[in-house]
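Quick notes on the structure that follows.
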Amino acid sequence: MKLKRETEPRRHQLVQQRLLDMILNGELAPGDQLLPERDIAKALGVSRPSVRQAISSLASLGLVQVTPRGSYVTAPDLGTVLMPVLVAMVRNGHTYWQFLEFRMLLEVEAARLAAGRRTVEDLHRLEYWLRSLEEAVRQQQSALEPDFQFHLALAAASHNDLLHQMIVALLNVVRHEAYAPLLEAVYAPPGELAAWVDRSREIVAAIRDQNTELAARAMRSYLERVAEITLGHFAARQQPPMTSR
């Protein structure tokens with residue numbers, strides 16, 4: 001682990017970037033232990049607090065795990081890495097409509113890929129969560145969790161890890177309490193719960209038949225209905241949408 005001495009200002013940021021570069025280019029691989037703080041500080045000509053702050057920042061991104069025995073490079077979960085980015089988007093005015101548009105881009109393609117790549121196990125998982133959704137509707141219970149798990153199972157069936165993790169991160173943001181009124185609005189209209197089950201059945205049927213275009217169309221129809229209901233939610237309350245369309 002060779003480090004070039006650092007003499008620039010804002011040293012913790014530069015230390016963080018130096019370590020990040022080493023992780024990205026493979027000099028530091030998952031499982032590798034970082035040098036002790038004092039050794040990094042000496043090699044770069046910075047203080048130990050600067051090194052500690054840099055390592056803490058990398059840990060918050062899921063790239064480093066800090067333990068009593070030292071700090072280790074991790075194999076990051078992409079959803080963990082993406083979550084701060086998506087939260088930052090919300091804080092900077094990228095709100096529900098833009099998330100919904102982004103979700104459509106991701107999930108329509110995920111449905112297309114799932115139809116072409118799904119395994120028997122993938123299909124069983126989708127059918128399990130579809131049955132759970134049907135049961136929740138019959139029992140007049142909350143359909144949010146089985147619906148959420150259904151979409152996660154579909155994303156996993158795409159067999160594209162990056163796409164899967166992006167959808168996981170996106171849905172976790174959408175499930176945030178700030179969006180609770182919108183989620184309630186999606187399920188609230190009379191007969192809408194049964195309609196969501198029907199739409200989910202169409203998606204599963206297309207994936208079962210490995211009909212890629214039909215799966216993509218079914219998912220697009222599903223999400224377009226989400227958009228339609230959400231627009232009605234704002235109109236009924238005479239509120240502007242959370243962002244321009």
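Some observations on this one:
- Exactly one residue out of Arg112, Arg5 is modelled with pLDDT of 90 or more and either outside any helix (DSSP H, G or I) or surrounded by 15 or more Cβ atoms within 10 Å (Cβ to Cβ) (or both): that is Arg112.
- Pairs meeting the criteria (first residue in the range 216-232 and surrounded by fewer than 16 Cβ atoms within 10 Å (Cβ to Cβ), second residue of a type in the set (A, V, I, L, M, F, W, C) and at pLDDT 90 or above, beta carbons under 8 Å, at least 6 apart or on different chains) are Arg220/Met104; Arg220/Val108; Glu224/Met104.
- Verdict on Ala54 being surrounded by fewer than 17 Cβ atoms within 10 Å (Cβ to Cβ) and either at pLDDT 85 or above or among the basic types (Lys, Arg) (or both): no
- Which listed residue, of Leu100, Leu86, Leu61, is farther than 22 Å from Leu14 by Cβ and modelled with pLDDT under 75: Leu86
- Some residue of the range 119-139 being outside any helix (DSSP H, G or I), surrounded by 14 or more Cβ atoms within 10 Å (Cβ to Cβ) and either within 22 Å of the chain's Cα centre (by Cα) or not aliphatic (A, V, I, L, M) (or both): no
- Filtered residues of the range 188-232 (kept if under 18 Å from Arg125 (Cβ atoms) and either in a loop (DSSP other than H, G, I, E, B) or not assigned by TED's automatic domain parsing to the domain that holds Ser158 (or both)): Asp209, Gln210
- The residue list Val15, Val66 contains one member that is outside the structural domain of Ala169 (by TED's automatic domain parsing), modelled with pLDDT of 85 or more, touching an Asp or Glu at 6+ places or on another chain (Cβ under 8 Å) and not in a loop (DSSP other than H, G, I, E, B), which is Val15.
- Pairs where the first residue, in the range 150-166, is farther than 19 Å from Glu127 by Cβ and the second is of a type in the set (Phe, Trp, Tyr), C-beta under 9 Å, 6+ apart: Met166/Phe102
- You will find that of Tyr222, Tyr179, the residue that is within 22 Å of Trp129 (Cβ to Cβ), modelled with pLDDT under 65 and not polar (S, T, N, Q) is Tyr179 and no other.
- Options Ile55, Ile23; residue that is β-branched (Val, Ile, Thr), part of a helix (DSSP H, G or I) and more than 13 Å from Gln13 (Cβ to Cβ): Ile23
The values are calculated or read from the model by the stated rules, or taken from the named source; none is laboratory data. Here the structure is a predicted model, which is why all the values come from computation and not from measurement. Every residue, glycine among them, receives a Cβ derived from its backbone with ideal geometry; neighbour counts consider all protein chains shown.
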